[in-house]
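Input: a single structure, listed below in structure tokens.
The values are calculated or read from the model by the stated rules, or taken from the named source; none is laboratory data. From a predicted model like this one, the values you see are computed outputs, not experimental measurements. Ideal geometry is used to build each Cβ from the backbone, glycine not excepted, and the neighbour counts take in all protein chains shown. These accessible areas exclude ligands, DNA and RNA; they are computed on the full protein's heavy atoms, side chains included. Shrake-Rupley method; radii C 1.70, N 1.55, O 1.52, S 1.80 Å.
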Amino acid sequence: MAGNSQRRNRRTSNKKGAQVGSGGQRRRGLEGKGPTPPASARKGHKKNRVANAQARQAAARRPAPRRGGVKGTSEMVVGRNPVYEALRDGVPATTLYVQQYIDNDERVRDALQLAGERGNINLMEAPRPELDRMTGGLNHQGLVLQVPPYEYADPQDLLEAAYDNGEDPLIVALDGVTDPRNLGAIVRSVSAFGGHGVVVPERRAAGMTAGAWKSSAGTAARTPVSKVTNLTRALEAFKKEGIAVVGLAADGEHTVEDLEALGGPVVIVIGSEGKGLGRLVGETCDYRVRINMPGGAESLNAGVAAGIVMYEVARRRA
């Protein structure tokens, strides 16, 4: 009995205590990892890189939600004739302020009628001191129209608009154009000749004000305008997308008629009437073209020049 007891004690003393387990990692490590993925799914493989490139190209041509760009600032149109003309020409508006006890002449009646026909413009009556405060003391003549901030597009939206229609991008970029009426006229030309939008720099350039909207003759409603912080960088980004950047210059090496690049995806850059293209913008252009003017004029209005080049592009694409 004593011998048996000693053997049992030895067996008991040889038992190991509780140990931390592997959590099944060793067992899982012995399991198979499934079939080998195809080459197009293996990271680093040549076929994987080709497949990724094809996916990026396809994504660039798929419809995508508009990201939207920066917003402009709200604006006040003041005076009976300017307010009436803005309403007549379809300038977006949120509120028409009318002075209390105003002389109800023909222009006032017409403005009220146009605002009422729109159906989405608030009509507010306000005392003259309040209108004076709102307009900073301008001669408002009892009518003030509030124009909402313009919603600028993202530059990529202009490209997607072209790709969605199966077309080569046709974009106009402006360098130093400060007159809103010129901007509106250029928007009108872009719309007329099948362009996909306009790009303007954030500083030292005209924006989409009520004056620009009026000059566009309503085409600003369907032709997007993009505002960028740095025009040179925006042009470089377009070039990386395979789009030719063509600058309009009086001393250009090519003429509008002989530049074949105008028949493909293109960004046309137009400078100010006095100074033309800036140095960095000019150096970024792939080509510089000129418009032959037998009459001897030194330069053309920016809006007129844009219309001539856009017509040539549309003629080549017809």
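Starting from the Cα-Cα distance between residue 257 and residue 167, subtract it from 0.36 nm times their residue separation and give me the gain in nm to one decimal. Provide the component values of the computation, followed by the final result.
Working: separation 90, 0.36 × 90 = 32.40 nm, distance 2.15 nm.
Full extension of this stretch gives 30.2 nm more.
If packing is taken as the average number of other Cβ atoms within 10 Å across a peptide's residues, how do 256-265, 87-96 rank, most packed first?
Details: 256-265: 15.9, 87-96: 18.2.
Most protected by this proxy first, the peptides run 87-96, 256-265.
Using a simple spin-label model with points 7 Å from Cα along the Cα→Cβ vector, what separation in nm is obtained for residue 130 and residue 293?
About 5.1 nm, to one decimal.
I need the phi-derived Karplus couplings for the range 170-185: 6.51 cos²θ - 1.76 cosθ + 1.60, θ = phi - 60°, integer Hz, Gly and Pro marked x.
9, 10, 10, 10, 10, 10, x, 7, 9, 8, x, 5, 5, 4, x, 5
Could you please state how large a percent of the accessible area of the range 214-258 is carbon and sulfur, counting protein chains only and using a 1.4 Å probe? Working shown, then result.
Details: 990 of 2100 Å².
Result for the range 214-258: 47 percent of the exposed heavy-atom area is carbon or sulfur.
With charges only on Cβ, +1 for K and R and -1 for D and E, what is the dipole size of the range 208-271 about its Cα centre, in debye, rounded to 20? The partial results should precede the final answer.
On the way: 6 positive and 7 negative charges, 123 e Å.
That gives the range 208-271 a dipole magnitude of about 580 debye.
For the range 147-281, what is the accessible area per residue in Å² when the probe is 1.4 Å?
Details: 5570 Å² over 135 residues.
Using a 1.4 Å probe on heavy atoms only, each residue of the range 147-281 averages 41 Å².
Accessible area of the range 118-159 with a 1.4 Å probe: how many percent of it is carbon plus sulfur? Provide the component values of the computation, followed by the final result.
On the way: 1020 of 2180 Å².
Of the solvent-accessible surface of the range 118-159, carbon and sulfur hold 47 percent.
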